[in-house]
1. Name the one entry in 207, 166, 225 that is more than 29 Å from residue 132 (Cβ to Cβ) and modelled with pLDDT under 95.
2. For residues in region 346-375 being among the aliphatic types (A, V, I, L, M) and surrounded by 13 or more Cβ atoms within 10 Å (Cβ to Cβ), which is nearest to residue 156 (Cα to Cα)?
3. If you go through region 56-101, how many residues are surrounded by 15 or more Cβ atoms within 10 Å (Cβ to Cβ) and closer than 16 Å to residue 25 by Cβ?
4. Give the residues of region 113-124 that are assigned to a helix (DSSP H, G or I) and either outside the structural domain of residue 60 (by TED's automatic domain parsing) or touching an Asp or Glu at 6+ places or on another chain (Cβ under 9 Å) (or both), sorted by residue number.
5. Condition (residue is within 31 Å of the chain's Cα centre (by Cα) and assigned to a strand (DSSP E or B)) applied to region 254-275: is it met by at least one residue?
6. I'd like the residue in region 231-243 that is surrounded by 12 or more Cβ atoms within 10 Å (Cβ to Cβ) and farther than 22 Å from residue 264 by Cα and, out of all such residues, is modelled with the highest pLDDT.
7. Take residue 220 and decide whether it is touching a helix residue (DSSP H, G or I) at 6+ places or on another chain (Cβ under 8 Å), assigned to a loop (DSSP other than H, G, I, E, B) and under 30 Å from residue 300 (Cβ atoms).
8. Determine whether residue 72 is at pLDDT 90 or above and not in a helix (DSSP H, G or I).
Amino acid sequence: MTTSRRAAQGSGARVLLADDEPGIALTLGDALEERGFSVRTVRDTAAALAALEEWQPDVVVSDIRMPGAGGLAVLRRSRELDPERPVLLMTGYATIDQAVEAMQAGALNYVQKPFRNESVVGLVAQAARVRGLEAENERLRERLSSTDAGLSQELIGRSQAMLTVFERIRTVAPTEATVLIQGESGTGKERVAQAIHKLSARSSGPFVALSCAALPESLLEAELFGHERGAFTDAHKERRGRFELADHGTLFLDDIDDMPRAMQVKFLRVLQERSFERLGGETTRHVDIRVIAATKVPLRDEVRAGRFREDLYYRIHVVPVLLPPLRERAGDVQLLAEHLIQRHGAGQAWKLSDATVTALERYPWPGNVRELENAIQRAIALAGPEHELRREHLLPLDTRWRGATEPSGEVRPLAEVLRETERAHIARALASTGGHRTQTAELLGISRKVLWEKLRDLGLDDGKKE
């Protein structure tokens, strides 16, 4: 990883400030340094372009109009050197055409002068924090790839929702805490469990997985506990169960919400005592295991409905990992599609048109990543001699899903579009924190007061917890 891709979410992140107005350069530079950033100030385009290559900043803040080619040239060169580096543009002569050009060129934000230094510092802090999370994401994927190249395929994502998941994996993996992964079918819960195992101190031990929904109660008990010879009909020899097979490693129980209540009592005892007896046996066996469970439905609702034991719920709900559905992972569909094409494309150069990518991003993917993978495999199989994957092979013909129609081409006021974008972004941030406003404000790099005002103005004030 290059210097410019280091974790930039804390103090010391490098900010290149390019502005020929001495007042802004001085006051904004001081405000950024007070926030803990390392700031380099330049007054013209040539110096800014040189600093991009020599100093490798984490965030760029540039005036559009300054001696030389100006801020748009700085933006384009920054994108060439590091496409992921955030660039904020400032201007005292704002026009809609200029704003559109800046955003299309890849600017993170477009700020009109005069402005409050605190607002720009907040934008820089947010950009630096996201960049730091992306760097952690990249390091996590590199580490996963070094241990299991296939594992990283299901852990691809750059949406804020997935960056939060990656951060939780990185934090909890080195511990011995029991983990409960919640996510819809097809979101990759077992891959997350494997990632936690691979990054833990138990990585040299076994990873043993079992779906509680795949077996009836009688067979599930035998699978978990094992049995002695003669314990039941057809038990011609002794057999170790999943608890024993996972000794000194990790046991992953998928669909734990489908575990029968009678089995829940027996499983709770193993969790508490780490000991059990095989079916038909009297010898108590002790195991050293870490348990990771997964559920496709909120277990708390199952407890209220009387289908899941409350004591078992609290035993496994130590560290929750909420895995978002694909429809809430803005920007990840194309990234996942490209990697799945590489996996299933047999080395051929398959292409996706811009219109097809747009349709893929708009489709709600009720089957999540699993449905996307099946769609890619189907499109490749039906493509014939063509090397472009067609929309009609990737998506269902039913046009009732949201976004099925093409854009109308209507041009709306920029303020209206920006308001909608801001509202959607804040809503995603709220979802990623479970509605916790203090954490949401920190994630967005703004104060709680500013967040409260935006929630009120944008109609998102739902009375959630602080």
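The values are calculated or read from the model by the stated rules, or taken from the named source; none is laboratory data. Owing to the predicted nature of the structure, the values given are computational and were not obtained by experimental measurement. Quick reminder, even Gly has a Cβ in these numbers, built from the backbone with ideal geometry, and neighbours come from all protein chains shown.
1. On inspection, the qualifying residue turns out to be 225.
2. Applying the filter and picking the extreme gives 369.
3. Adding up the residues that qualify gives 17.
4. 117, 121 - these are the residues of region 113-124 that are assigned to a helix (DSSP H, G or I) and either outside the structural domain of residue 60 (by TED's automatic domain parsing) or touching an Asp or Glu at 6+ places or on another chain (Cβ under 9 Å) (or both).
5. Within region 254-275, one or more residues are within 31 Å of the chain's Cα centre (by Cα) and assigned to a strand (DSSP E or B).
6. Top of the filtered list is 238.
7. Against the criterion (touching a helix residue (DSSP H, G or I) at 6+ places or on another chain (Cβ under 8 Å), assigned to a loop (DSSP other than H, G, I, E, B) and under 30 Å from residue 300 (Cβ atoms)), residue 220 does not qualify.
8. No.
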